[in-house]
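Peer 1: Got a structure for you, written out below as structure tokens; questions coming shortly.
Taken together, the values in this text are just the output of simple stated rules run on the coordinates, not laboratory data. Worth saying up front: this structure is predicted, and the values here are computed from it rather than measured. In this analysis, Cβ positions are derived from the backbone assuming ideal geometry, glycine residues included, and neighbour counts consider all displayed protein chains.
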Number of protein chains: 2
Amino acid sequence: MPELRKDPIIGRWVIIANERAKRPNDFKADQAGMKEVLPCPFCEGDEHMTPPEIRSIRKEGTKPNEPGWDVRVVPNDSPVLRIEGDLNKRPHGIYDMMNGVGANEIIIETPEHIDHMSDLSPEQISKVLLTYKERIEDLEGDKRFKYVLIFKNHKPAAGATNIKHCRSQLIALPACPKSVKGELEGARKYFEYKDRCVFCDIVSQELSDKKRLILDIDGFVAISPFAARFPFETWILPKKHSSDFTSIDKNSSVGLAKVLKELLSRMNKLLNDPPYNYIIHTAPYRRAKEGYWSSIEHDYHWHIEVIPRLTRVAGFEWGTGFYINPTPPEDAAKFLREVK
Amino acid sequence: MPELRKDPIIGRWVIIANERAKRPNDFKADQAGMKEVLPCPFCEGDEHMTPPEIRSIRKEGTKPNEPGWDVRVVPNDSPVLRIEGDLNKRPHGIYDMMNGVGANEIIIETPEHIDHMSDLSPEQISKVLLTYKERIEDLEGDKRFKYVLIFKNHKPAAGATNIKHCRSQLIALPACPKSVKGELEGARKYFEYKDRCVFCDIVSQELSDKKRLILDIDGFVAISPFAARFPFETWILPKKHSSDFTSIDKNSSVGLAKVLKELLSRMNKLLNDPPYNYIIHTAPYRRAKEGYWSSIEHDYHWHIEVIPRLTRVAGFEWGTGFYINPTPPEDAAKFLREVK
């Protein structure tokens, strides 16, 4: 009998199709468009191929836009939003609109031509994570922005252009995205009812159940969510409650880097180098630290969602937000735990 | 300058990337997996290849599961939900789940081996639409179900198995899907504020603006939504307010069939036979006709969403529900209006 499971945060129902459960080898990852684009604009020595850098972690004595860096942040040269200008919020008849103002940056994760984040050292990944933190904090100064989304598209089937050099992206938005709002509202309702953070309750149940637990390293867990939408969807959460990704520090960022590296390399082995996305869900900017905003600190909990792109989303999913997952999360977690 | 536009019903923001606007020829439809599966289980004469029919429109004197039908409804032989059993709603620690009980039916739209719905006559399509209506009404008798979703997946890239015989699907669900709930709530808020149906206001603005209007035939309009998520996304709405798709009758179903046929054949020509999905959004079952439920009748408005599958959804979209649409809806409507 298939199961219907409800996401405890936003109330989304998912069909877990355990009767036709799919194993890792049942998926054929879409390797479309893998002809590489060369020369690579993200390699050390080719700094002139990108717009001037916004920020970098570099060796002492080296100059911006020259070799000598570890992590480099540059504007996306075909940005989806524009950095200059006013929002000019306005009606259009019954509709609402504003100018497409925002930031769109590329975080180049290594000076070497390496395709997989999981091939970087934990120390290098930690530098990438601290760069995310720094960018989110820096952009808070721009009052037009309400949210910064950090995400990674790996491979063309996951929305990336085909340059085999690992990187992530940042988009700063003038409105809080709907899916983050949904999580904030769901987490608040749970907190009002239980006086506990729903994510903390999830972490605690998964640590005691163990069936959906994949990794538990240095203060972070990787779990298969109970109501996972996609096969092998995995969430990484800090065990210690925190609403903001920017609460990570040099020390904890190495722990997070270890979990991320380990998870991505296991997915890579188990699922034959699949296209994937990850996204960081963190609290929105709260420039007013009171009223509605102050409670986010206890009721929300930042996390990373990692989604291998193994299935196609059909009309049913678009039409209902009711996902069909052919791999029970308990099976996915077991496979990922057992990868050598 | 790109634009940020807000969907007036559910408040979703969309980036309209008008600076790098894409024209119909810029999209390469994914024609993956087009090797046909034969013999076709949906052709007249091959009735034994499907499970026994649930319902059919057939010529007088012919028997079920024999030739002589116009439209035939059969259970999906690998259903995502099971028709037998109790829901058995239960907790699993902090989580909620129930048995995967539901109906999953295939509506075979023609006895002939025809791939495109747009190649059927309006009279034939009208029979398909009246079959949808009959199935939704019939399933209301099963108190386990709260919602019936009717949808079509055309071609493998849109989630279909590769049988070139036009058909749609129905899934009856024991919970109202999240995206329908979002529309119901948004429409209710709008009604409370304005004392008008938001969809009626949309129809009225589009009829006067004309920039996003594609078709206006026999009481139905096809429009490019102001905050379309996808290039060439199109909505079909009845001009006369109605919350329930089941309010269509023999007469109005022919008008709706004409709009659907015309729209699908224009998309087919303009976008080079793209994979697409359509879904019908109608009000949920309201067995208690009072309280919360009674207001749905005036504040909700059924419609069909047609989505050609031309772009890939990347991490950014999954992470935020913040879509990037590279074809401004006004351009899409103009292209679709001008197809000969």
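Peer 1: Looking at region A:78-96, can you tell me whether even one residue there is assigned to a strand (DSSP E or B) and away from chain B (no Cβ under 14 Å)? Lay out the reasoning, then the answer.
Peer 2: To start, the set of residues in region A:78-96 that are assigned to a strand (DSSP E or B) comprises A:82, A:90-92, A:95-96.
Of the ones still in play, those that are also away from chain B (no Cβ under 14 Å) are none.
Within region A:78-96, none of the residues are assigned to a strand (DSSP E or B) and away from chain B (no Cβ under 14 Å).
Peer 1: Now a separate question. Does B:Phe151 satisfy the condition of being over 21 Å from B:Leu256 (Cβ atoms), touching a strand residue (DSSP E or B) at 6+ places or on another chain (Cβ under 6 Å) and of a type outside the set (Asp, Glu)?
Peer 2: It is false that B:Phe151 is over 21 Å from B:Leu256 (Cβ atoms), touching a strand residue (DSSP E or B) at 6+ places or on another chain (Cβ under 6 Å) and of a type outside the set (Asp, Glu).
Peer 1: Examine region B:143-153 for a residue that is of a type outside the set (Gly, Ala, Ser), farther than 13 Å from B:Pro284 by Cα and more than 8 Å from chain A (Cβ to nearest Cβ), and state whether such a residue exists.
Peer 2: no
Peer 1: Still on this structure, I have one more. A:Ser118: surrounded by fewer than 20 Cβ atoms within 10 Å (Cβ to Cβ) and in contact with a Ser or Thr (Cβ under 6 Å, 6 or more places away or on another chain), yes or no?
Peer 2: The answer is yes for A:Ser118.
Peer 1: Can you go through B:Arg286, B:Arg309 and tell me which one is farther than 23 Å from B:Phe199 by Cβ and either within 11 Å of chain A (Cβ to nearest Cβ) or out of contact with any strand residue (DSSP E or B) (no Cβ under 9 Å at 6 or more places or on another chain) (or both)? Please lay out each step first, then the result.
Peer 2: Details: B:Arg286 fails: farther than 23 Å from B:Phe199 by Cβ.
Every option except B:Arg309 fails the conditions.
Peer 1: Considering only region A:264-288, state which residues are closer than 18 Å to A:Ile150 by Cβ and polar (S, T, N, Q).
Peer 2: A:Asn277, A:Thr282
Peer 1: I'm trying to understand the selection: among the residues of region B:159-201, which are among the aliphatic types (A, V, I, L, M) and in a helix (DSSP H, G or I)?
Peer 2: B:Val180, B:Leu184, B:Ala187, B:Val198
Peer 1: Identify all residues within region A:191-210 that are farther than 17 Å from A:Asp299 by Cα and touching a Leu at 6+ places or on another chain (Cβ under 9 Å); write none if there are none.
Peer 2: A:Glu206, A:Leu207
Peer 1: Considering only region A:39-47, I want to know if a residue exists there that is of a type in the set (A, V, I, L, M, F, W, C), part of a loop (DSSP other than H, G, I, E, B) and within 14 Å of chain B (Cβ to nearest Cβ).
Peer 2: no
Peer 1: If we keep just the residues of region B:289-306 that are more than 13 Å from chain A (Cβ to nearest Cβ) and among the acidic types (Asp, Glu), which is surrounded by the fewest Cβ atoms within 10 Å (Cβ to Cβ)?
Peer 2: Of everything passing the filter in region B:289-306, B:Glu290 is surrounded by the fewest Cβ atoms within 10 Å (Cβ to Cβ).
Peer 1: Here's a follow-up. Could you run through region A:223-261 and say how many residues are free of Cβ contacts under 8 Å to residues at least 60 places away in the same chain and either farther than 17 Å from A:Trp302 by Cα or surrounded by 21 or more Cβ atoms within 10 Å (Cβ to Cβ) (or both)?
Peer 2: To start, the set of residues in region A:223-261 that are free of Cβ contacts under 8 Å to residues at least 60 places away in the same chain comprises A:239-240, A:243-244, A:247, A:249, A:251-252, A:255, A:259.
With the extra rule that they be either farther than 17 Å from A:Trp302 by Cα or surrounded by 21 or more Cβ atoms within 10 Å (Cβ to Cβ) (or both), the set shrinks to A:243, A:251, A:259.
Residues in region A:223-261 being free of Cβ contacts under 8 Å to residues at least 60 places away in the same chain and either farther than 17 Å from A:Trp302 by Cα or surrounded by 21 or more Cβ atoms within 10 Å (Cβ to Cβ) (or both): 3 in total.
Peer 1: While we're here: Pick from region A:204-222 the residues that are in contact (Cβ under 8 Å) with a residue 40 or more places away in the chain and of a type in the set (A, V, I, L, M): which of them is farthest from the other protein chains (Cβ to nearest Cβ)?
Peer 2: In this case the residue turns out to be A:Ile217.
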